[in-house]
Structures are given as structure tokens and as C-alpha cells.
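Worksheet for the structure shown next.
Please treat every number below as a calculation from the coordinates, not as lab data. All figures in this text were calculated on a predicted structure; none of them were measured in a lab. Note: ideal-geometry Cβ built from the backbone for every residue, glycine included; neighbour counts use all protein chains shown.
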Amino acid sequence: MFCAYCGTQVPGSAKFCAQCGQAMPLRQPETAPEPTTPAPARRRGTGRGLPSLLAAGLLLGALIGFLMRPSVALIGQLPLMTVVTRGSMLTGIDQLLIPVAQESFNVMLAGAAIGAAAGFGLSRVLTRRAS
């Protein structure tokens, strides 16, 4: 075995290095560790657009779902904060709008899921064409 501090060869049973006096660890490899081989380079264009298209599809789908949310007679569409909280902040007579807020949230969530799926599919098609 070799001393990790000065590189002197030391018998395997030695507790200290005869050259520098450092304590030897209980076990040490006989030779220097093999250098690791670098990972093979990725092909250009594969998978690079996946996160961005997925995120774009998710956001675009959520926006379309939000714009297509149901409306209430005489009131119109509920504000974003009411939709996102599914009406949990509504008090008094406004609590009658909770089912509409929950339905609006579900429409927005469905739009986001459809948009994410479309973005994923589009990114898969584009990465297959690039390779």
C-alpha cells in the first residue's frame, strides 16, 4: 500500500508511514483508483426541447382552461384567486359560488393536463425528427 500523504510504499500491516509519520488508514487500495471514463456525449438535439415544450404546453393549456371557465349569471367569470383557491376564501352569500369555483378550477386543471400532454407529444415528435 502507499501513503496518501507522501506516496511512499508502506507494508500493508504498518499503522504509520515510515517516511512522514502519518497514521495509515485501516484499508487503502494498492494502486491509484482507475480514472472514470466520461459519459458518452449526447446526440445533438435529443431531449433538449422537452422541458421547455412541456412547460409551455402546461402554461398555455392552463391559460386556455382559465379563459374557458364557466361564468355565473349576473356576475360573469370568477377571478383567478377565487378559482385557484377553489372558493375557500368566499364568505357569506358568496359561498353559493363555491361549486362554480371548483368547476372552474377543474376546467383549468384539465386544460393544463391537455396542454402538457400536447407539449410532451410535440417535443417527442420534434426530437425524433432531429435525430
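Things to note:
- Of all residues in segment 85-125 being buried (at least 20 other Cβ atoms within 10 Å of the Cβ) and touching a Gly at 6+ places or on another chain (Cβ under 7 Å), the one that is nearest to Leu74 (Cα to Cα): Ala101
- The residues of segment 1-17 that are in a loop (DSSP other than H, G, I, E, B) and in contact with a Pro (Cβ under 9 Å, 6 or more places away or on another chain), listed by number, are Met1, Ala4.
- Selection count, segment 75-84, where residues are surrounded by fewer than 17 Cβ atoms within 10 Å (Cβ to Cβ) and in a helix (DSSP H, G or I): 3
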